[in-house]
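To start, the structure itself, in structure tokens.
The values are calculated or read from the model by the stated rules, or taken from the named source; none is laboratory data. Predicted, not measured: the structure shown is a model, and the values here were computed from it. So basically every Cβ, Gly included, is an ideal-geometry build from the backbone, and we count neighbours across all protein chains shown.
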Amino acid sequence: MKIQPNIFENTEVAFADKTDADLKKAKALFKLMSNNGLVSLGSSLANFALSIHLPVSPLFRWTVYNQFCGGETFNECKRTINKLEEYGVGVLLNYGVELKETEKDFNTTVDKNIEALEFGGENKSVKALCIKLTGFGRFGLFEKIQRREKLSIKDKREYVQVKNRFEKICKVAQKNEVPLYVDAEESWIQEPLDGMVELMMKKYNREQCIVFNTFQLYRHDRLDYLKAQIEKAKEGNYILGAKLVRGAYMEKERERAKQFGYPSPIHKSKKEVDADFDKAVNICLDNLDNLYLCIASQSEESNLLGMELIEKKKIDHGNPRIFFSQLYGMGNNVTFNLAKLGFNATKYLPYGPVKEVIPYLIRRAQENTSVAGQTSRELDLVKKEIKRRKSC
Ligand SMILES: Cc1cc2nc3c(=O)[nH]c(=O)nc-3n(C[C@H](O)[C@H](O)[C@H](O)COP(=O)(O)OP(=O)(O)OC[C@H]3O[C@@H](n4cnc5c(N)ncnc54)[C@H](O)[C@@H]3O)c2cc1C
């Protein structure tokens, strides 16, 4: 079957799970989010309101939270998950609480992730749990390690704790057969993170693929890194878990490189990033014998390319080694159309207490205004579906 290039224009499929009222609300929200000034003002006001403990949670819950998050509890998430399941869409769970920096917080994050893995073990639609290693250890510690600074005895103990926390999670993931997708973060801490992930892949990816690393193709060195990791996994006789993304910290990376006077690790243009992303998808699909792949992108072009290559290489649409993923609340035209054609489509689904997830939501809103055209594309699709329904 040939994949139609206009497949993602099908808004009937894209919004099949949405009521007319849901669509109206999404339209209002994306309209607001397309206004840079309003998002910036709203973010500052939200941060201020939180800092003086104003009760803003209900407002957030009714607006952005419901659009982008699964729920505050697993029970609430279950409703979202069941609804997605009806359309053949799975989820990647993510405990959306960020920016914690104390040992107590790190231990809480481990406990929360263990709960999520156990929940995932009982729910087939949970295809993986997404974690950040900065949820288990101090950012400053990772920086120090990457700078190859001498670690104090206290630092060394702390590092052992971080590795123990990660390994504890890997063990529970293996027991519950829920893969772990480890996020890629800022380039100046990524080396120790990669090291830890590689170690866990060697240990836990012998028969199944439990641990995935993330490859940020906006970095000009990551395609080579991916190739080297594929070879290493082959030689070491373990499975490589590869989640491909473009990368979320472009502006921060460039600013830092400028500030400290080193060459930016980010490609100079989007075109180069796209070319590396395409090559990475192609290479991964050619190495499925010892690799599991997740194409994590909102881009219609990248998802279309993935689908076309799968067809061209005569791989089953539902091959259990290949997943696609988009953020919950966005890119439904991609996810639902992928699922309709039998591909393993998933949504990245953050959950957690509204108040604690607000920083994630603010970032989402800001990212939407900074990613050229994305919000207007979402808005156009919602409008198109509203119009289509009216004409029926
Ligand atoms: C399921 C999922 C998991 C994710 N996990 C991670 C993760 O672990 N780590 C992480 O960093 N991000 C992660 N992301 C975020 C991801 O990196 C962003 O969503 C992504 O960058 C947006 O790109 P895109 O492929 O969706 O689409 P596009 O809209 O095609 O690409 C936009 C991206 O291209 C790059 N770009 C844009 N302009 C330029 C330019 N001028 N020069 C160079 N590059 C440019 C930037 O990376 C920008 O974000 C994840 C996203 C999803 C959906």
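For the reader, a short list of remarks on this structure follows.
- Matching option when the condition is crowded, with 21+ Cβ neighbours inside 10 Å and farther than 19 Å from N107 by Cβ, among V182, V178: V178
- Any chance I210 is away from the ligand (no atom under 16 Å from the Cβ) and touching a Pro at 6+ places or on another chain (Cβ under 9 Å): yes
- Some residue of the stretch 146-154 being at pLDDT 95 or above, under 30 Å from G261 (Cβ atoms), within 13 Å of the ligand (Cβ to nearest atom) and assigned to a loop (DSSP other than H, G, I, E, B): no
- E207 passes every criterion in (1) surrounded by fewer than 17 Cβ atoms within 10 Å (Cβ to Cβ); (2) over 26 Å from I322 (Cβ atoms) apart from (2).
- Test: K104 is basic (K, R) and either surrounded by 15 or more Cβ atoms within 10 Å (Cβ to Cβ) or in a helix (DSSP H, G or I) (or both): yes
- Scan of the stretch 157-182 for residues that are in a helix (DSSP H, G or I) and either under 13 Å from R138 (Cβ atoms) or among the aliphatic types (A, V, I, L, M) (or both), ordered by number: R157, E158, Y159, V160, Q161, V162, R165, I169, V172, A173
- Selection count, the stretch 197-207, where residues are within 12 Å of the ligand (Cβ to nearest atom) and farther than 27 Å from Y249 by Cβ: 0
- So V126, is it crowded, with 19+ Cβ neighbours inside 10 Å, β-branched (V, I, T) and either modelled with pLDDT under 90 or in contact with a Lys or Arg (Cβ under 6 Å, 6 or more places away or on another chain) (or both): no
- For the stretch 171-196, filtering for residues that are polar (S, T, N, Q) and within 12 Å of the ligand (Cβ to nearest atom) leaves 2.
- Residues that are touching a residue at least 12 places away in the same chain (Cβ under 8 Å) and more than 12 Å from the ligand (Cβ to nearest atom) number at least 3 in the following helices (runs of 4 or more DSSP H) confined to the stretch 229-312: 270-285, 300-312.
- Given (1) at pLDDT below 90; (2) hydroxyl-bearing (S, T, Y); (3) surrounded by 15 or more Cβ atoms within 10 Å (Cβ to Cβ), index of the condition S51 fails: (3)
- N332 satisfies every condition listed in (1) modelled with pLDDT under 90; (2) away from the ligand (no atom under 12 Å from the Cβ); (3) of a type in the set (S, T, N, Q) except (1).
- Qualifying residue in the stretch 311-330 (condition: among the aliphatic types (A, V, I, L, M) and closer than 22 Å to E385 by Cβ): yes
- Qualifying residue in the stretch 233-247 (condition: of a type in the set (S, T, Y), surrounded by 15 or more Cβ atoms within 10 Å (Cβ to Cβ) and under 21 Å from the mean Cα position of the chain (by Cα)): no
- Residue, surrounded by the fewest Cβ atoms within 10 Å (Cβ to Cβ), within the stretch 250-287, restricted to residues that are among the hydrophobic types (A, V, I, L, M, F, W, C) and farther than 26 Å from F324 by Cα: F260
Results for (1) more than 10 Å from the ligand (Cβ to nearest atom); (2) modelled with pLDDT under 80; (3) not acidic (D, E), shown as yes or no for each residue.
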{"position": "L338", "(1), (2), (3)": "yes, no, yes"}
{"position": "L349", "(1), (2), (3)": "no, no, yes"}
{"position": "I362", "(1), (2), (3)": "yes, yes, yes"}
{"position": "G373", "(1), (2), (3)": "no, yes, yes"}
{"position": "E378", "(1), (2), (3)": "yes, no, no"}
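- Subset of the stretch 70-83 [crowded, with 23+ Cβ neighbours inside 10 Å and either more than 14 Å from the ligand (Cβ to nearest atom) or over 17 Å from the mean Cα position of the chain (by Cα) (or both)]: C77, I81
- Here G342 passes the criteria (1) at positive phi; (2) at pLDDT below 95 except the one numbered (2).
- In the set (1) assigned to a helix (DSSP H, G or I); (2) in contact (Cβ under 8 Å) with a residue 12 or more places away in the chain, G140 fails one condition alone, (2).
- Taking first residues from the stretch 378-392 that are crowded, with 18+ Cβ neighbours inside 10 Å and partners that are β-branched (V, I, T), the Cβ contacts under 6 Å between residues at least 6 apart in sequence or on separate chains come to L381/T11; E385/T11.
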